[in-house]
């Protein structure tokens with residue numbers, strides 16, 4: 001079920017990330033060309049450890065969690081997820097608890113789904129220690145996927161990521177409220193945290209190098225269905241600084257979206273690939289489907305997703 005939230009081009013599109021036929025050559029000399037249309041999809045929390053890994057091993061299929069949803073994500077010009085489990089080639093792979101660890105081969109699911117961009121700034125970023133931070137960045141990059149919110153250096157992290165689609169430069173920045181998960185006394189400055197002044201400076205700098213700025217925000221209270229003041233203030237500050245879109249994750253449940261000034265905020269997309277089946281609300285998430293005509297936000301909507309033991313799938317509805 002799709003719920004349009006902007007009067008937009010969606011009635012022309014005939015489905016998620018599908019496109020109208022290319023325009024015919026202009027008959028009138030001097031008539032401006034049609035701006036390019038880009039579709040961006042953003043999904044929530046992906047955890048490839050614990051029960052998800054057990055399902056992968058049982059199926060002998062490292063791409064299992066993405067099989068059902070891959071065609072949708074792969075249809076986008078940019079596909080994004082938040083990775084809750086760092087990749088590492090060092091054992092052990094924890095079966096229980098809150099220390100997450102994705103085996104390297106499970107990147108197959110991200111590849112199958114055509115994921116372009118992965119938030120690596122969250123409270124599980126350091127679950128595999130410093131080696132995991134470094135390995136995750138290198139492993140993603142070696143498979144053509146851009147890490148967001150962490151990198152090899154603080155300067156590179158705060159510089160952001162620019163992806164060019166049909167001539168439009170989309171700039172991305174990522175931040176987390178916590179990078180330690182209660183396990184580390186220090187801070188790793190390669191992982192960006194949600195300091196509003198730093199973020200606004202990053203947005204202003206990135207805006208000089210791109211046409212659209214999009215901010216990823218890992219923040220909020222777990223299982224809370226409304227955003228807290230930290231989320232609201234951070235997201236508003238991002239739009240005030242020049243961002244067009246803020247995409248949130250961490251609460252593991254869906255939170256509302258908001259139109260603020262000239263931007264759109266998804267406070268929490270909820271889970272996407274996860275094993276939290278003890279609660280009903282953690283078994284449902286959303287994919288943010290956002291369209292840009294050239295550099296201008298044209299449409300935004302939420303696609304409801306059901307999380308199953310074999311991965312996410314679109315909710316059926318009228």
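The values are calculated or read from the model by the stated rules, or taken from the named source; none is laboratory data. Everything numeric in this text was worked out from a predicted model, so none of it was measured. We place every Cβ from the backbone using ideal geometry, glycine too, and count neighbours over all the protein chains shown.
Within segment 276-290, work out how many residues are in contact with a helix residue (DSSP H, G or I) (Cβ under 8 Å, 6 or more places away or on another chain) and surrounded by fewer than 22 Cβ atoms within 10 Å (Cβ to Cβ).
Residues in segment 276-290 being in contact with a helix residue (DSSP H, G or I) (Cβ under 8 Å, 6 or more places away or on another chain) and surrounded by fewer than 22 Cβ atoms within 10 Å (Cβ to Cβ): 2 in total.
In segment 102-119, which residue that is touching a strand residue (DSSP E or B) at 6+ places or on another chain (Cβ under 9 Å) and surrounded by fewer than 22 Cβ atoms within 10 Å (Cβ to Cβ) is modelled with the lowest pLDDT?
Out of the qualifying residues, it is 103.
What is the number of the single condition among (1) part of a loop (DSSP other than H, G, I, E, B); (2) over 20 Å from residue 48 (Cα atoms); (3) touching a helix residue (DSSP H, G or I) at 6+ places or on another chain (Cβ under 9 Å) that residue 252 does not meet?
Condition (2) is where residue 252 drops out.
For segment 207-215, indicate whether the set of residues that are in a helix (DSSP H, G or I) and either surrounded by fewer than 22 Cβ atoms within 10 Å (Cβ to Cβ) or at pLDDT 95 or above (or both) is non-empty.
So far as segment 207-215 goes, yes, one or more of its residues are in a helix (DSSP H, G or I) and either surrounded by fewer than 22 Cβ atoms within 10 Å (Cβ to Cβ) or at pLDDT 95 or above (or both).
Of all the residues that make up segment 184-206, how many are over 15 Å from residue 247 (Cα atoms) and assigned to a helix (DSSP H, G or I)?
Result for segment 184-206: 9.
Looking only at segment 71-90, filter to residues that are out of contact with any strand residue (DSSP E or B) (no Cβ under 9 Å at 6 or more places or on another chain) and more than 22 Å from residue 150 (Cβ to Cβ); which one of those is surrounded by the most Cβ atoms within 10 Å (Cβ to Cβ)?
Going through the qualifying residues, I end up with 74.
Considering each of 175, 135 in turn, give the residue that is closer than 23 Å to residue 231 by Cα and at pLDDT 95 or above.
Within the list 175, 135, the selection yields 175.
Given the criterion closer than 30 Å to residue 167 by Cβ and surrounded by fewer than 24 Cβ atoms within 10 Å (Cβ to Cβ), identify the matching residue among 229, 200, 233.
Going through 229, 200, 233 in turn, just one is closer than 30 Å to residue 167 by Cβ and surrounded by fewer than 24 Cβ atoms within 10 Å (Cβ to Cβ): 200.
Show the residue pairs that are 6+ apart or on different chains and have beta-carbon atoms under 6 Å apart, the first residue being within segment 39-61 and more than 26 Å from residue 176 (Cβ to Cβ), the second being surrounded by 24 or more Cβ atoms within 10 Å (Cβ to Cβ) and at pLDDT below 95.
Listed by first residue and then by second, the contacts come to nothing, as the list is empty.
Of all helices (runs of 4 or more DSSP H) completely enclosed by segment 69-147, which ones contain at least 3 residues that are free of Cβ contacts under 8 Å to residues at least 60 places away in the same chain, under 20 Å from residue 178 (Cα atoms) and touching a helix residue (DSSP H, G or I) at 6+ places or on another chain (Cβ under 6 Å)?
Numbers: elements: 70-74, 107-112, 129-142.
Filter on segment 69-147 gives an empty set.
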